[in-house]
Amino acid sequence: MASKFNSASDMKKARGLGSAKSGVHHWWMQRVTAGGAMILLVWFVASLVLLPSLDRATVAGWLASPFTAVPMLLLILAVFWHARLGVQVMLEDYVHSESGRLFSLLALNFFIFAVAAVAAFSVLILAFGGARA
């Protein structure tokens, strides 16, 4: 009598040991955030090169425009989200104890959120004309 299952992967799916489907989403999000960050990074470097000077007043005036501040905030979001995804994969692969992995992921999330918030706050202060020196 022939087996109902055609391959080992069919057997894994039947036993619930197949793909959890979350890995594909994670992989896809890494590619999307990398692509977005690269496009915005090219914009950022080109914009800085085109500025007449890189003194504080010029850069602050440049960031005061919503057409500059919004892409800058998107760059911050894309870079920090991409970094979080990449470090998460490393932690999940190389931290073997469950408690160590949980602590590492919590610390990663706190650190990424805190640094991204400081970066975004700095852009917003300049965009809204605060902290003039």
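The values are calculated or read from the model by the stated rules, or taken from the named source; none is laboratory data. If you're wondering where the values come from, they're calculated on a predicted model, not measured in any experiment. As a convention, Cβ positions derive from the backbone with ideal geometry for all residues, glycine included, and neighbour counts pool all protein chains shown.
Taken over the stretch 35-93, the criterion of being among the hydroxyl-bearing types (Ser, Thr, Tyr) and touching a Pro at 6+ places or on another chain (Cβ under 7 Å) is satisfied by THR58 alone. Among residues of the stretch 100-115 that are in contact (Cβ under 8 Å) with a residue 24 or more places away in the chain, those with a Cβ under 6 angstrom from a residue that is surrounded by 13 or more Cβ atoms within 10 Å (Cβ to Cβ), sequence gap 6+ or separate chain, pair up as LEU108/VAL87; ILE112/PHE80; ILE112/ARG84. If you go through the stretch 33-53 and pick out every residue that is within 22 Å of the chain's Cα centre (by Cα) and either assigned to a loop (DSSP other than H, G, I, E, B) or free of Cβ contacts under 8 Å to residues at least 12 places away in the same chain (or both), you end up with 6. The residues on offer are LEU91, LEU41, and the sole one that is farther than 19 Å from VAL123 by Cβ, touching a Leu at 6+ places or on another chain (Cβ under 9 Å), at pLDDT 90 or above and not charged (D, E, K, R) is LEU91.
Considering the conditions (1) at pLDDT below 95; (2) of a type outside the set (Asp, Glu); (3) surrounded by fewer than 17 Cβ atoms within 10 Å (Cβ to Cβ), LEU126 is excluded by exactly one of them, (3). In the stretch 8-23, is there at least one residue being surrounded by 12 or more Cβ atoms within 10 Å (Cβ to Cβ) and either at pLDDT 95 or above or of a type in the set (Ser, Thr, Tyr) (or both)? Yes; the residues of the stretch 8-23 include at least one that is surrounded by 12 or more Cβ atoms within 10 Å (Cβ to Cβ) and either at pLDDT 95 or above or of a type in the set (Ser, Thr, Tyr) (or both).
Condition (residue is closer than 15 Å to SER122 by Cβ, surrounded by 14 or more Cβ atoms within 10 Å (Cβ to Cβ) and among the hydroxyl-bearing types (Ser, Thr, Tyr)) applied to the stretch 98-110: is it met by at least one residue? No, the conditions are met nowhere in the stretch 98-110. Scanning the stretch 69-83 for residues that are surrounded by fewer than 19 Cβ atoms within 10 Å (Cβ to Cβ) and either more than 10 Å from ALA34 (Cα to Cα) or charged (D, E, K, R) (or both) yields ALA69, VAL70, PRO71, LEU73, LEU74, LEU77. The selection criterion, being out of contact with any Cys (no Cβ under 6 Å at 6 or more places or on another chain) and over 24 Å from VAL24 (Cα atoms), holds for SER65.
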